[in-house]
Amino acid sequence: EPAQDHSVEILVDISPGGDGSLYLASLSPGDEAEFMAPAGVFMVADPKSELGRAEEKLLFVATGSGISSIRSQILDLLQTKKDKRDMYLHWGMRYVEDLFWEEEFRELTEFFPNFHFDLVLSRPPRQWSLCSGYVTHCVAEHHKDFSKIGVYMCGNGQMLADMTALLTERGI
């Protein structure tokens, strides 16, 4: 998270078994490793800025491991910055077996009444009672008015394209 200056947390799927996966799987706590930090920029607009003031609510949409940068921003906003704006997280995954961090997000909804979490599975088990299908469809069902909302997305290219089309269709 942005305020964390003493460590780095990474999210890695080691199942492909490539060189990088094997190297990371071989590390033990305390081992030293060198890496190149992310080169991109992903920031939520400061609520004191003109853009930030226009974002009365925040919508985060992620698929798969795209949740890592979204999670970082949400933790910083809620825990460090004490942001009181309503925040909605819609996270799309394929299978229930692939889930991680869902318990942490559910706990955040208990501690922060302005945080709302929607877990979406595209291939849910039969007894799944939550939203299913593509995360974009669930966003469209839950959010009719996109005015005064800041939208932040991270995930696969198809979700980004679908969300961009949805937002364009809604005048954003």
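The values are calculated or read from the model by the stated rules, or taken from the named source; none is laboratory data. The shown structure was predicted, so the numbers you read here are calculated from the model rather than taken from an experiment. All Cβ positions, even for glycine, are placed from backbone atoms using ideal geometry, and neighbour counts span all protein chains on display. With ligands, DNA and RNA removed, areas are computed over all heavy atoms of the protein, side chains included. Shrake-Rupley method; radii C 1.70, N 1.55, O 1.52, S 1.80 Å.
Values as computed for the structure displayed
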quantity: Tensor-based shape of region 112-172 (alpha-carbon gyration tensor, a/c under 1.5 rounded, otherwise prolate or oblate); calculated: oblate
quantity: S68, S129, S21, reordered so the largest accessible area comes first (probe 1.4 Å); calculated: S129, S68, S21
quantity: Three-way shape call for the chain based on the alpha-carbon gyration tensor, with the a/c threshold at 1.5; calculated: oblate
quantity: Highest-first arrangement of 110-121, 25-36, 52-63, where packing means the average Cβ count within 10 Å; calculated: 52-63, 110-121, 25-36
quantity: Trypsin sites (Lys or Arg not before Pro) restricted to region 81-147 and DSSP loop, no more than 12 other C-beta within 10 Å; calculated: K82, K84, R126, K144
quantity: Cysteines not pairable in the chain (beta carbon separation under 4.7 Å absent); calculated: C154
quantity: For region 36-97, projected area of the alpha-carbon convex hull averaged over all directions, nm²; calculated: 5.7 nm²
